[in-house]
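The values are calculated or read from the model by the stated rules, or taken from the named source; none is laboratory data. Quick caveat, the model's predicted, so the values are computed rather than measured. No Cβ is skipped: glycine too gets one built from the backbone with ideal geometry, and neighbour counts run over all protein chains shown. We work out accessible area using only protein heavy atoms, side chains counted, and drop any ligands, DNA or RNA first. Shrake-Rupley method; radii C 1.70, N 1.55, O 1.52, S 1.80 Å.
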Amino acid sequence: MKRIAVLVSGGGTNLQALLDTPITGGEISAVISSNPNAYALERAKKAGVPGYVLEKKDFPNYTKALLEKLQELQIDLVVMAGFMTIVTKELFEVYENAVINVHPSLIPSFCGAGCYGLHVHEKALAYGVKLSGATVHFVTEECDAGPIILQKAVEVLQDDTPETLQKRIMEQCEWKLLPQAVDLFCQDRLRVEGRQVRILEE
(Lines give C-alpha, C1' and ligand atoms only; values in the text may rest on other atoms or scores of the structure.)
Protein backbone atom coordinates (compact mmCIF):
# COMPACT_ATOMS: atom_id res chain seq x y z
CA MET A 1 0.00 0.00 0.00
CA LYS A 2 1.56 3.28 -1.13
CA ARG A 3 1.47 6.14 1.36
CA ILE A 4 0.32 9.46 -0.13
CA ALA A 5 0.87 12.98 1.20
CA VAL A 6 -1.30 15.78 -0.21
CA LEU A 7 0.21 19.28 -0.07
CA VAL A 8 -2.34 22.10 0.24
CA SER A 9 -2.59 25.83 0.86
CA GLY A 10 -6.28 26.67 0.51
CA GLY A 11 -9.79 25.27 0.33
CA GLY A 12 -8.82 21.76 -0.66
CA THR A 13 -11.41 20.94 -3.32
CA ASN A 14 -8.93 18.68 -5.14
CA LEU A 15 -8.07 17.06 -1.81
CA GLN A 16 -11.78 16.38 -1.34
CA ALA A 17 -11.95 14.73 -4.77
CA LEU A 18 -9.09 12.45 -3.69
CA LEU A 19 -10.72 11.68 -0.34
CA ASP A 20 -14.00 10.81 -2.08
CA THR A 21 -12.41 8.41 -4.60
CA PRO A 22 -11.18 4.92 -3.67
CA ILE A 23 -7.49 4.58 -4.61
CA THR A 24 -6.25 1.15 -5.66
CA GLY A 25 -3.06 0.28 -3.83
CA GLY A 26 -2.72 3.61 -2.04
CA GLU A 27 -4.01 5.62 0.91
CA ILE A 28 -3.84 9.28 1.88
CA SER A 29 -1.63 9.15 4.96
CA ALA A 30 -1.04 12.87 5.52
CA VAL A 31 -2.19 16.33 4.50
CA ILE A 32 0.51 18.98 4.79
CA SER A 33 -0.48 22.65 4.59
CA SER A 34 1.68 25.74 4.11
CA ASN A 35 -1.19 27.78 5.58
CA PRO A 36 -2.44 27.13 9.14
CA ASN A 37 -5.89 28.50 8.21
CA ALA A 38 -6.41 26.36 5.09
CA TYR A 39 -9.88 24.80 5.02
CA ALA A 40 -8.21 21.73 3.50
CA LEU A 41 -7.00 20.87 7.03
CA GLU A 42 -10.63 20.71 8.15
CA ARG A 43 -11.41 18.35 5.26
CA ALA A 44 -8.52 16.13 6.32
CA LYS A 45 -9.71 16.12 9.94
CA LYS A 46 -13.26 15.12 8.91
CA ALA A 47 -11.80 12.25 6.87
CA GLY A 48 -9.61 11.09 9.75
CA VAL A 49 -6.38 11.94 7.92
CA PRO A 50 -3.54 13.46 10.00
CA GLY A 51 -2.90 17.11 9.12
CA TYR A 52 0.38 18.98 9.52
CA VAL A 53 1.27 22.67 9.12
CA LEU A 54 4.64 23.72 7.72
CA GLU A 55 4.76 27.50 7.28
CA LYS A 56 7.54 28.93 5.15
CA LYS A 57 8.39 31.63 7.71
CA ASP A 58 9.26 28.96 10.30
CA PHE A 59 12.08 27.35 8.32
CA PRO A 60 15.30 28.76 6.81
CA ASN A 61 15.18 25.95 4.22
CA TYR A 62 11.54 25.08 3.54
CA THR A 63 12.19 22.28 1.07
CA LYS A 64 14.54 20.54 3.52
CA ALA A 65 11.91 20.75 6.29
CA LEU A 66 9.21 19.42 3.96
CA LEU A 67 11.45 16.59 2.77
CA GLU A 68 12.27 15.59 6.35
CA LYS A 69 8.56 15.45 7.20
CA LEU A 70 7.76 13.36 4.09
CA GLN A 71 10.55 10.92 4.88
CA GLU A 72 9.57 10.74 8.54
CA LEU A 73 6.04 9.78 7.41
CA GLN A 74 7.46 7.24 4.90
CA ILE A 75 5.61 8.86 2.00
CA ASP A 76 5.77 7.21 -1.44
CA LEU A 77 3.79 9.76 -3.51
CA VAL A 78 3.49 13.52 -3.07
CA VAL A 79 0.41 15.23 -4.54
CA MET A 80 0.33 19.01 -4.90
CA ALA A 81 -3.31 20.10 -4.73
CA GLY A 82 -3.41 23.89 -4.71
CA PHE A 83 -0.04 24.13 -2.95
CA MET A 84 1.13 27.72 -3.30
CA THR A 85 4.67 27.43 -1.91
CA ILE A 86 7.63 27.08 -4.25
CA VAL A 87 9.93 24.17 -3.46
CA THR A 88 13.42 23.54 -4.79
CA LYS A 89 15.12 20.72 -6.64
CA GLU A 90 16.06 18.74 -3.51
CA LEU A 91 12.48 17.46 -3.33
CA PHE A 92 12.47 16.22 -6.91
CA GLU A 93 15.86 14.58 -6.57
CA VAL A 94 14.53 12.39 -3.76
CA TYR A 95 11.00 12.00 -5.16
CA GLU A 96 11.84 11.71 -8.86
CA ASN A 97 8.65 11.06 -10.86
CA ALA A 98 6.80 10.76 -7.55
CA VAL A 99 5.42 14.31 -7.20
CA ILE A 100 2.15 14.99 -9.04
CA ASN A 101 0.44 18.34 -9.65
CA VAL A 102 -2.82 19.38 -11.28
CA HIS A 103 -2.83 22.57 -13.36
CA PRO A 104 -6.02 24.26 -14.68
CA SER A 105 -5.07 24.54 -18.36
CA LEU A 106 -3.93 22.37 -21.23
CA ILE A 107 -0.16 22.60 -20.75
CA PRO A 108 1.90 24.05 -22.46
CA SER A 109 -0.76 26.79 -22.75
CA PHE A 110 -1.22 29.26 -19.88
CA CYS A 111 1.30 27.80 -17.47
CA GLY A 112 4.56 28.71 -15.76
CA ALA A 113 5.38 31.67 -13.53
CA GLY A 114 2.36 33.74 -12.52
CA CYS A 115 -0.17 31.28 -13.97
CA TYR A 116 -2.16 30.07 -11.00
CA GLY A 117 -5.75 30.29 -9.79
CA LEU A 118 -8.01 32.67 -11.69
CA HIS A 119 -5.03 34.17 -13.57
CA VAL A 120 -4.92 31.05 -15.76
CA HIS A 121 -8.56 31.43 -16.81
CA GLU A 122 -8.23 35.20 -17.33
CA LYS A 123 -5.36 34.53 -19.75
CA ALA A 124 -7.28 31.80 -21.59
CA LEU A 125 -10.31 34.05 -22.08
CA ALA A 126 -8.16 37.04 -23.10
CA TYR A 127 -6.46 34.87 -25.74
CA GLY A 128 -9.81 33.69 -27.08
CA VAL A 129 -9.21 29.92 -26.96
CA LYS A 130 -12.17 27.67 -27.74
CA LEU A 131 -10.94 24.82 -25.52
CA SER A 132 -9.30 24.79 -22.14
CA GLY A 133 -9.07 22.13 -19.47
CA ALA A 134 -6.70 20.61 -16.95
CA THR A 135 -3.40 18.75 -16.92
CA VAL A 136 -1.99 16.35 -14.36
CA HIS A 137 1.78 16.13 -14.61
CA PHE A 138 4.86 15.02 -12.75
CA VAL A 139 6.54 17.98 -11.06
CA THR A 140 10.10 18.94 -11.89
CA GLU A 141 12.28 21.87 -10.90
CA GLU A 142 10.95 23.89 -13.85
CA CYS A 143 7.44 25.23 -13.16
CA ASP A 144 4.64 23.30 -14.95
CA ALA A 145 7.16 21.63 -17.28
CA GLY A 146 7.22 18.01 -16.09
CA PRO A 147 6.01 14.98 -18.11
CA ILE A 148 2.25 15.02 -18.70
CA ILE A 149 0.24 12.12 -17.24
CA LEU A 150 -3.35 13.01 -18.19
CA GLN A 151 -5.24 15.87 -19.85
CA LYS A 152 -8.91 16.63 -20.37
CA ALA A 153 -10.50 19.46 -22.33
CA VAL A 154 -13.72 21.44 -21.93
CA GLU A 155 -15.35 23.89 -24.31
CA VAL A 156 -14.94 27.59 -23.54
CA LEU A 157 -18.36 29.25 -23.82
CA GLN A 158 -18.85 32.72 -25.28
CA ASP A 159 -20.29 34.14 -22.06
CA ASP A 160 -17.71 32.55 -19.76
CA THR A 161 -16.10 34.56 -16.98
CA PRO A 162 -12.87 33.43 -15.31
CA GLU A 163 -15.02 32.16 -12.43
CA THR A 164 -17.43 30.10 -14.55
CA LEU A 165 -14.58 28.61 -16.58
CA GLN A 166 -12.67 27.79 -13.40
CA LYS A 167 -15.72 26.02 -11.93
CA ARG A 168 -16.33 23.95 -15.09
CA ILE A 169 -12.68 22.91 -15.34
CA MET A 170 -12.58 21.91 -11.67
CA GLU A 171 -15.80 19.89 -11.83
CA GLN A 172 -15.32 18.24 -15.23
CA CYS A 173 -11.52 17.89 -15.37
CA GLU A 174 -9.48 18.43 -12.20
CA TRP A 175 -11.65 16.42 -9.79
CA LYS A 176 -11.67 13.46 -12.21
CA LEU A 177 -8.09 13.53 -13.54
CA LEU A 178 -6.21 13.89 -10.25
CA PRO A 179 -7.70 10.80 -8.53
CA GLN A 180 -7.28 8.86 -11.78
CA ALA A 181 -3.58 9.76 -12.03
CA VAL A 182 -2.97 8.93 -8.35
CA ASP A 183 -4.73 5.58 -8.82
CA LEU A 184 -2.54 4.76 -11.85
CA PHE A 185 0.61 5.68 -9.93
CA CYS A 186 -0.36 3.49 -6.97
CA GLN A 187 -0.97 0.57 -9.34
CA ASP A 188 2.55 1.06 -10.82
CA ARG A 189 0.96 1.71 -14.22
CA LEU A 190 2.88 4.89 -15.10
CA ARG A 191 6.22 4.64 -16.88
CA VAL A 192 8.17 7.80 -17.70
CA GLU A 193 10.23 7.69 -20.91
CA GLY A 194 11.78 11.12 -21.43
CA ARG A 195 8.85 13.52 -21.82
CA GLN A 196 6.38 10.69 -22.48
CA VAL A 197 4.35 9.05 -19.73
CA ARG A 198 3.18 5.60 -20.81
CA ILE A 199 0.09 4.16 -19.14
CA LEU A 200 0.60 0.41 -18.80
CA GLU A 201 -2.23 -2.08 -19.24
CA GLU A 202 -3.62 -3.68 -16.10
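Tabulated values for the structure
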read-out	value
Qualifying residue in segment 109-119 (condition: part of a loop (DSSP other than H, G, I, E, B), farther than 20 Å from Arg168 by Cβ and among the hydrophobic types (A, V, I, L, M, F, W, C))	yes
Qualifying residue in segment 30-53 (condition: under 25 Å from Asp188 (Cα atoms), among the hydroxyl-bearing types (Ser, Thr, Tyr) and surrounded by 14 or more Cβ atoms within 10 Å (Cβ to Cβ))	no
Cross-chain or 6+ apart pairs with Cβ under 6 Å, segment 93-117 first and over 23 Å from Ile32 (Cα atoms), then hydrophobic (A, V, I, L, M, F, W, C) and open to solvent by less than 10 Å² (accessible area, probe 1.4 Å)	Ser105/Val120; Phe110/Val120; Phe110/Ala124
Near pairs, Cβ below 6 angstrom, 6+ apart or cross-chain, from segment 54-75 (open to solvent by less than 90 Å² (accessible area, probe 1.4 Å)) to any residue that is basic (Lys, Arg)	Tyr62/Lys56; Ile75/Arg3
Sole exception among (1) under 21 Å from Gly10 (Cα atoms); (2) under 17 Å from the mean Cα position of the chain (by Cα); (3) modelled with pLDDT under 95 for Lys57, by number	(2)
Tally, over segment 137-181, of residues that are without any contact (Cβ under 8 Å) to a residue 12 or more places away in the chain and farther than 27 Å from Thr63 by Cα	6
Failed item in (1) among the small types (Gly, Ala, Ser); (2) modelled with pLDDT of 95 or more; (3) buried (at least 16 other Cβ atoms within 10 Å of the Cβ), with Gly128 passing the rest	(3)
Matching strands (runs of 3 or more DSSP E) fully within segment 10-81 where at least 3 residues are of a type outside the set (Gly, Ala, Ser)	26-33, 77-80
Condition broken by Gly133, with the remaining ones in (1) in a helix (DSSP H, G or I); (2) touching a strand residue (DSSP E or B) at 6+ places or on another chain (Cβ under 9 Å) satisfied	(1)
Hey, Lys152 part of a strand (DSSP E or B), among the charged types (D, E, K, R) and on the phi < 0 side of the Ramachandran plot or not	yes
Within segment 82-99, tally of residues that are in a loop (DSSP other than H, G, I, E, B) and closer than 11 Å to Lys64 by Cα	2
Residue match in segment 168-190 (condition: of a type outside the set (Asp, Glu), exposed (fewer than 14 other Cβ atoms within 10 Å of the Cβ) and assigned to a loop (DSSP other than H, G, I, E, B))	no
Yes/no for Val120 being open to solvent by less than 50 Å² (accessible area, probe 1.4 Å) and either closer than 22 Å to Leu190 by Cβ or among the polar types (S, T, N, Q) (or both)	no
